[in-house]
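Engineer: This is the structure, below, for whatever I ask next.
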Amino acid sequence: MRVPYLVRVPAGYDPARPAPVVVFLHGGVISTPQFQHTNPDAVTPEPIFAAAPANALVVYPFGRTSFGWVEQPAAFAQVLRIVTAVRARYRTDPARTTLVGMSNGGSAVLWFAAQPAAPFSRYVALAPAPKLLLAQSSYGPLGKTKPVLMLSAQDDDIYAYAAVRAAYDANRAGRPNWILQTVPKDKGGHSFLYGPEGLALLQQALRSAAAKPGKR
């Protein structure tokens, strides 16, 4: 299995200059029976293409129910393969490689953040589940050195905010770069990314994750 993916190459991309990379893991894979790479409208509603820095390569792997970001190690391995392929084809900056995910994708972001060898410099998890995936018992390096920013809505009807907050509070000790940002009620609930303020929230999250520790 090879997961299809899309790469947005920014205008003015110069192979002589390392470009930042933003990898986005979409949500909804538990209800998506097929990869959507042949659907020209599949990525139209995704704010990541507007929110990412103008000079960044945006990498968008496609997931599906039977091969996506929910308890499927082979699909996670494909994300790493895709990052390797992008780095081989384009001039990228490993120090500016951000993994972003929404819902199921956000849960996967936290799993990757707990892996010592994950090839990302910062993480942004939007509306993630209140637990690590794949029965991971250790949070490993999550939030110890690399920035990990979570955004969860107080009125999330899929992953209850109270459960997300409890898991965060129980495991945040010794992880100074792991931050939970609360999205107030009436900002879109679980799908706040696609609400009126979603783009602004994502832009702010990307800036915050890229800031130096202590300046977020």
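Every number in this text was worked out from the coordinates using simple rules, so none of it is lab data. The structure presented is a predicted model; accordingly, all values stated were derived computationally and were not measured. Cβ: placed from backbone, ideal geometry, glycine included. Neighbour counts: every protein chain shown.
Engineer: Given a Förster distance of 25 Å, report the FRET efficiency between H37 and E71 from their Cβ-Cβ distance, rounded to the nearest 0.05.
Structural biologist: Here the calculated transfer efficiency is 0.65.
Engineer: What list of ³J(HN,Hα) couplings, whole Hz, do you get for the range 38-54 from phi and the Karplus terms 6.51, -1.76, 1.60, once you set θ to phi - 60° and write x for glycine and proline?
Structural biologist: Per-residue couplings from phi come out as 8, 8, x, 9, 4, 9, 3, x, 6, x, 4, 5, 8, 7, 5, x, 4 Hz.
Engineer: A further question follows. Would you work out the charge dipole size for the range 5-210 about its Cα centre, treating the Cβ of every Lys and Arg as +1 and the Cβ of every Asp and Glu as -1, and quote it to the nearest 20 debye?
Structural biologist: 740 debye
Engineer: Computed over the Cα atoms of the chain, what is the ratio Rg over Rh, Rh following Kirkwood?
Structural biologist: Result: Rg/Rh = 0.93.
Engineer: If you don't mind, another one. I'd like to compare 14-26, 55-67: which one has the highest average count of other Cβ atoms within 10 Å, and what's the full order after that?
Structural biologist: Ranked from most to least packed, the peptides come out as 55-67, 14-26.
Engineer: Whose amide H sits under 5 Å from the amide H of W178, counting only residues 5 or more places off or on another chain, with H placed in the peptide plane?
Structural biologist: The list, which skips near neighbours in sequence, is V148.
Engineer: Relative to the present Cα-Cα distance, how much length would full extension add between F49 and L199 at 0.36 nm per residue of separation?
Structural biologist: 53.0 nm
Engineer: Would you please give the residues with an amide H less than 5 Å from that of S103, counting only those at least 5 places away or on a separate chain, with H modeled from the backbone geometry?
Structural biologist: The answer is L126, A127.
Engineer: Something else about it: By what distance, in whole Å, do the Cα atoms of the range 51-104 stretch along each of the three principal axes, largest value first?
Structural biologist: In descending order, the Cα extents are 33, 25, 16 Å.
Engineer: Per the helix-only calculation at 222 nm, which mean residue ellipticity applies to the chain, given -39500 (n - 2.57) for every DSSP H run of n ≥ 4 and division by its residues, nearest 500 deg cm²/dmol?
Structural biologist: Computed ellipticity for the chain at 222 nm equals -7500 deg cm²/dmol.
Engineer: Using a Förster distance of 41 angstrom, determine the FRET efficiency expected from the C-beta separation of R87 and D157, and round it to 0.05.
Structural biologist: 0.60
Engineer: Then there is this: D93's amide H: which non-local residues (gap 5+, or another chain) put their own amide H closer than 5 Å, with H modeled 1.01 Å from N in plane and none for Pro or chain starts?
Structural biologist: Result for D93 returns A19, V21.
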